[in-house]
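Trainee: The structure under discussion is supplied below as structure tokens; questions concerning it will follow.
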Amino acid sequence: MQPALFGDERRRQINLGGASGAYSQSALLNQAKARRQERHALKQKQESAVKIQAWWRGVREAQYVRRDMRQALDRDITSLNALRCLVLVGQDEEALGKWSQSLDSAGAGAVFAPARDGSAASWLVLIRKASLMLCQSLSRNFQSPYAIHHVNILSTLLSPDAGRCALGLDGSQAATEISRYLVEHDYQQYLAQALRQVSLERKTQYAALPTLVQLLIAPFSLWQPATPTFDRAFLGFFTRILTIPLLPNRLPLESLARLSSSLPYSSLPALASHLPDLIALDMDSKVHLIANLVTFTAPRYAALPTTALATYLRILTALINTLPINALDPPSAQKAPKANVTPWRHDDSDDSDSDEPATQVTVVSTFAPPPQLPDVDNRTAKRLQTLQDGKHLASLLAATKAHSGARSWLVTYLLALTTVWPATREHVLSTILAHTGGTLVRELYRGYVRGSPLGREGSPGAVLDPAHAEAWPPLLLLADLYTQALLTMGDDEFFGAGRNPLTLDEVASFGRQLLVIAYTLYTREDQGGMVRADGSVLRCSYDGAREKITRCLTAIHARE
């Protein structure tokens, strides 16, 4: 090709549109996206830098303000302005300790002094917050030298007499308002954390411990039973305080006696509506709650009203029923649970003459891994032994005999105990038979089972009817008790009228009733289902119920 006319091949070609090159549309879009992301990242860095700088300036200013407030607090530590500065400063252990120490040294009058100058409303708002701060400080370090001053200030504020002496009638109202505020903010959890710090070997060295116990029971004297604050404080005592491991061992004897005698046992029915809260506790907390509750309540069975005793047994039953099988065993016992395990040995096989060991098969009801059992220490295990102790059972039998309204809950308690703690089953049943002489067997049959809709020949379907769930506990306990009684009853005693708690006609009627129930359960398809009853009342599968009834039937028919 010939060059153009007047062309200059040495002239440099200039592209006024930019660098030469072929760019696709996607490449151009990617470049634009990358530049947009760079701009966005740069903007975020700038905004973050501005926020950090503003935050740092705020922190510096807050430090300056807190420093000024601490100085104002030190200048007049007992004034209302000092109290306001203390609350605004927040959790400053040194400032809080100096304030409580100064007021404690000055006496109860100094605690209420800021409320006398026409500033009672402001003082009440501030002192409530300061009281909660004192509780939180105790939870962090109960061994602090300021702990004794903290509990003394709290005790003064929650004392109607101290407030009445300083402020007149308004002083007693101040105590109730401060108590209400503390209960609403769950102050018991902070005192519980303080109690958990108490060393079992050095409990007498905690000077603040006796006053701390008074703070635990203060709401029960400030509020009337059945009020919302009282009920909330009572529930908090159960869920926060009675769940502390080895609680009686952490308290000096005088404080333990004061705590035990000051609990409102007659108000136990207030907890009936809060059973789900107790059941929702973790497994270790429930074990310690059972141990501590029995320790405090057992000596007072005879003095409990009917409703309180019934609620107490209902609480124990609900807690025990939610524990894994064998959870209450002592540490030395085998902790691996054996739920519904049946060994089978093939001794009748053709090769039984072989020298090889016979095959042993274990039939299990589920392949799910066994639940983790709680780690029960020796002292707690010793307290749990009270549940199946002969004197304890005799005391319960005597108390429920005097209060017949609680008798049905004793039945559910005994059934729960022998189900969840199978190692005690034989001992518990034998103890009951020995203490009652068979009267409980007669009472269960004539008062509960004979008129029960379960096992009637005309209506076998009632066995599976959820409406009759309340009839199961007396029936199952009676089956266990009568089976145990037959183990030590000779034929002459069985057919005689001296030892057998039931007449022969009653035994025959009871046997027919059990036969109808057993046949119905054998023909049921779902043998692993649970008997339809409230889990807090009855914990038994249809398979387990059938086994109990069949065992009793076998023992009865062996005498015919």
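Trainee: Pick out the one residue from 175, 208 that is buried (at least 18 other Cβ atoms within 10 Å of the Cβ), at pLDDT below 95, in contact with a Pro (Cβ under 6 Å, 6 or more places away or on another chain) and in the same structural domain as residue 248 (by the TED database).
Mentor: Just one listed residue meets the conditions, 175.
Condition check ((1) crowded, with 18+ Cβ neighbours inside 10 Å; (2) closer than 25 Å to residue 406 by Cα) across all residues:
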| position | (1), (2) |
| --- | --- |
| 439 | no, yes |
| 462 | yes, no |
| 469 | no, yes |
| 490 | no, no |
| 504 | no, no |
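Trainee: Now, a different point. Can you name the condition, by its number, that residue 408 falls short on among (1) modelled with pLDDT under 90; (2) under 22 Å from residue 315 (Cβ atoms); (3) of a type in the set (S, T, N, Q)?
Mentor: Only one criterion is unmet by residue 408, namely (1).
Trainee: May I pose another question? Got at least one residue in region 97-104 being in the same structural domain as residue 203 (by the TED database), modelled with pLDDT of 90 or more, assigned to a helix (DSSP H, G or I) and within 35 Å of the chain's Cα centre (by Cα)?
Mentor: yes
Trainee: Next up: State yes or no: is residue 309 assigned to a helix (DSSP H, G or I), closer than 26 Å to residue 376 by Cα and of a type in the set (A, V, I, L, M, F, W, C)?
Mentor: So residue 309 fails the test.
Trainee: Take residue 323 and tell me if it is in a loop (DSSP other than H, G, I, E, B), modelled with pLDDT of 90 or more and either touching a His at 6+ places or on another chain (Cβ under 7 Å) or not assigned by the TED database to the domain that holds residue 403 (or both).
Mentor: Criteria met by residue 323.
Trainee: Still on this structure: Residue 277 is checked against (1) closer than 30 Å to residue 373 by Cβ; (2) surrounded by fewer than 19 Cβ atoms within 10 Å (Cβ to Cβ); (3) in the same structural domain as residue 164 (by the TED database) and fails just one. What number does that condition carry?
Mentor: (3)
Trainee: For region 57-78, does any single residue satisfy the condition of being more than 30 Å from residue 121 (Cα to Cα), surrounded by 11 or more Cβ atoms within 10 Å (Cβ to Cβ) and not assigned by the TED database to the domain that holds residue 109?
Mentor: Of all residues in region 57-78, those more than 30 Å from residue 121 (Cα to Cα) come to 57-60.
The next check asks that each one be surrounded by 11 or more Cβ atoms within 10 Å (Cβ to Cβ); those that pass are none.
So far as region 57-78 goes, no, none of its residues is more than 30 Å from residue 121 (Cα to Cα), surrounded by 11 or more Cβ atoms within 10 Å (Cβ to Cβ) and not assigned by the TED database to the domain that holds residue 109.
Trainee: Considering region 121-151 alone, what residues qualify as being assigned to a loop (DSSP other than H, G, I, E, B), touching an Asp or Glu at 6+ places or on another chain (Cβ under 8 Å) and surrounded by 18 or more Cβ atoms within 10 Å (Cβ to Cβ)?
Mentor: 146
Trainee: Report, by residue number, each residue of region 158-206 that is within 28 Å of residue 252 (Cα to Cα) and touching a residue at least 60 places away in the same chain (Cβ under 8 Å).
Mentor: Once the filter is applied, which keeps residues that are within 28 Å of residue 252 (Cα to Cα) and touching a residue at least 60 places away in the same chain (Cβ under 8 Å), region 158-206 yields 158, 160, 206.
Residue by residue, here is whether (1) of a type in the set (Gly, Ala, Ser); (2) out of contact with any strand residue (DSSP E or B) (no Cβ under 7 Å at 6 or more places or on another chain); (3) closer than 29 Å to residue 246 by Cβ; (4) at pLDDT below 95 holds:
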site: 361; (1), (2), (3), (4): no, no, no, yes
site: 365; (1), (2), (3), (4): yes, yes, no, yes
site: 369; (1), (2), (3), (4): no, yes, no, yes
site: 372; (1), (2), (3), (4): no, yes, yes, yes
site: 376; (1), (2), (3), (4): no, yes, yes, yes
site: 382; (1), (2), (3), (4): no, yes, yes, yes
site: 388; (1), (2), (3), (4): no, yes, yes, yes
site: 393; (1), (2), (3), (4): no, yes, yes, no
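The values are calculated or read from the model by the stated rules, or taken from the named source; none is laboratory data. What you see is a predicted model, and the numbers here were worked out from it, not measured in a lab. Every residue, glycine among them, receives a Cβ derived from its backbone with ideal geometry; neighbour counts consider all protein chains shown.
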